[in-house]
Amino acid sequence: MNAIDRMSRAKRSISTLAPMVADGAMLDAVVIGAGWAGLGVSHALVRAGLRHRVLERDRIGATWRTQRWDAFRMNSTKIQTLMPDDTYDGPDPDGFMTRDEFVALLEDFAIRNRLPVETNTPVLKLARDEEDSLFCLTTPRGTLRAGHVVIASGSQNRARRPAAAAALSANLLQIDACDYRSPAALPKGAILVVGSAQSGGQIAQDLIEAGRTVFLATARAGRMPRQYRGKDIFVWLEQSGLFDVPRQMEPSGRIESRPLVGAIRTISLQSLSAQGVVLLGRLTGVEDGRLTFADDLQDNIRFADEASVKVKRKIDDYIARHGFEAPAAIEDPAETVAPRLPDPPILSLDPGQSGLTTVIWCTGFTGDFSWVRLPGVLDGRGQPMHQEGITALPGLYFAGLESPRSRRAGTMLGIAEEARRIVEHIRQRIHSAPTKPPRRDERQPLPTSKQLVEAG
Ligand SMILES: Cc1cc2nc3c(=O)[nH]c(=O)nc-3n(C[C@H](O)[C@H](O)[C@H](O)COP(=O)(O)OP(=O)(O)OC[C@H]3O[C@@H](n4cnc5c(N)ncnc54)[C@H](O)[C@@H]3O)c2cc1C
């Protein structure tokens, strides 16, 4: 069955997902969010035989439906873009899924595994009943109680903008990467893309290929070629264990950005420049209505080049160490093409004179956890504090988060192992807990998700 068939089948059956359990019902676990992280954890909970629900404020895969542009492609190859226990047997293992294909994959996974997802059910408040230590989840459809909660509500679905955004003229349209859809959806005129990691690089390419005038404010972001020595770079990263090495921390305390890697083919600052994107240094601020940029473009290009060389050397070492047969490296035109850099460098830009009408902020994301009302769980920035998904509050977990521990964490390539680990922790807590007589509202058995799906 192809992805579009899967999508329409999923659409037909999605209304049969679980209805809301009784107000006040008590569950072993509640998972918040039905992206790949929440669905992966739910799958592991089903396998462990634990009574749970997945509460999703919108629809399955909401972030992918509403926060990705039309031409978006996944970065991992199709054969790597798998939910737990799934395999890929299609005709295009080295291809890259579109946004809609990926949403179809998530819906299909939920239906096929009969996961108890309750869509259109936002968790408005997560608190804890101090008397019995149960978590209380407030939703518009009632309150649920659970011994365990896994927050899988996403750590990359709230855009971050630098302070300079507030100082820009009201005549400029400002949007975030998550609101960008297509070149045609933007007003006429030049566009400034701020940030040159994955989103910024890919969006700048989408725009220049549509014939738009594009300025790109660059940053210190690494780069990887799409293909190297006969294989996709992600296949090498996975095979060699490079996906499992720790990531660097930035001076700000944040994890470094992921390197720019084009979906389908390599994108570099040089290749964007050769295509006509006007490259600038880092955006430093706004002075008298003019945008100002650091004189660090050459440093940013060098940083990306060095990152690419480093990853290629590591793959060479891996191939040599294991004596694998692999084709010799061939030059990637996107990495060797001569850039057409502004000379002298552009250090300030007048929006009116340069015909600028739109600014797209590709300056990173965080998660929105403002509804979590639990002590000792969020840091000063309102972001999760945890050790590999396990928090200091017994019974509370986060799934799907980026981690300095590895490049795999925070991508769907990490969910099978993460879900198993979290659910095993929950299972052990349940089995080691002293047995208590059930409370009044616990006595009535909940229908199984199978019954709910069939009754739907
Ligand atoms: C532009 C971009 C491209 C990316 N490309 C890739 C890629 O190719 N491969 C890859 O592996 N990763 C990629 N990532 C990273 C990562 O996969 C995404 O951030 C991903 O969405 C994380 O999955 P998740 O399930 O943790 O969160 P999400 O997909 O954001 O899912 C969270 C869900 O929780 C729901 N939710 C939020 N708050 C509540 C609430 N209070 N109550 C109920 N529900 C709630 C949301 O509606 C959403 O459906 C990309 C990220 C970005 C920004």
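Each reported figure results from applying straightforward, stated rules to the coordinates on display, with no laboratory input. What you see is a predicted model; the values in this text were computed from it and never measured. Note that we place each Cβ from the backbone using ideal geometry, even for glycine, and neighbour counts take in every protein chain shown.
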To the nearest 10 degrees, how steep is helix 36-47 against the longest Cα principal axis of the chain, on a 0 to 90 scale? 30 degrees
Using label points projected 7 Å from each Cα along Cα→Cβ, tell me how many nm separate ALA329 and ASP86, to one decimal. 3.4 nm
Which distance in nm do the two modelled labels at THR66 and SER348 give, with both placed 7 Å along the Cα-to-Cβ direction? 4.0 nm
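Please report the antiparallel percentage of the DSSP beta bridges confined to the stretch 90-246, to the nearest 5.
Values: 12 of 16 bridges.
Counting only bridges with both partners in the stretch 90-246, antiparallel ones make up about 75 percent.
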Excluding same-chain pairs closer than 8 in sequence, count the lysine pairs in the chain whose Cα atoms lie under 26 Å apart. 9
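Rank the residues VAL377, VAL309 as a footprinting-exposure proxy: fewest other Cβ atoms within 10 Å of their Cβ go first. Walk me through the intermediate numbers first.
Numbers: VAL377 19, VAL309 12.
By the 10 Å Cβ count, ascending: VAL309, VAL377.
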Checked the stretch 177-303 against the a/c 1.5 cut and the a/b vs b/c comparison, axes a ≥ b ≥ c from its Cα gyration tensor; verdict oblate
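When a/c is below 1.5 the answer is rounded, else prolate if a/b is larger than b/c, else oblate, so apply that to the stretch 381-434 with a ≥ b ≥ c taken from the square roots of the Cα gyration tensor eigenvalues.
Here the stretch 381-434 falls in the oblate category.
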For the stretch 350-364 versus the stretch 63-109, the gap between their alpha-carbon centres in whole angstrom: 32 Å
Find the relative contact order for the stretch 61-138 and round it to a whole percent, using C-alpha pairs within less than 8 Å whose residues are 6+ positions apart. 25 percent
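Based on the alpha-carbon gyration tensor of the stretch 298-415 and its eigenvalue square roots a ≥ b ≥ c, which shape applies: rounded if a/c is under 1.5, prolate if not and a/b is larger than b/c, or oblate?
Numbers: a/c = 3.45, a/b = 1.22, b/c = 2.84.
Note, shape of the stretch 298-415 comes out oblate.
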Counting DSSP beta bridges with both ends in the chain, the antiparallel % (nearest 5): 45 percent
Helix axis angle, 297-322 relative to the chain longest principal axis, alpha carbon, degrees: 60 degrees
Regarding the stretch 328-371, what whole-number volume in Å³ per residue does the convex hull of its Cα atoms give? 199 Å³
For helix 415-432, what angle does its Cα long axis make with the longest principal axis of the chain, in degrees from 0 to 90 and rounded to 10? 30 degrees
Mind giving me the nanometre distance, one decimal, between the label points for ALA184 and LYS231, set 7 Å out from Cα along Cα→Cβ? 4.0 nm
Per the Kirkwood formula on distinct C-alpha pairs, the Rh of the chain is how many angstrom? 23.7 Å
Here Rg/Rh (Cα, Kirkwood) for the stretch 264-339 equals 1.15
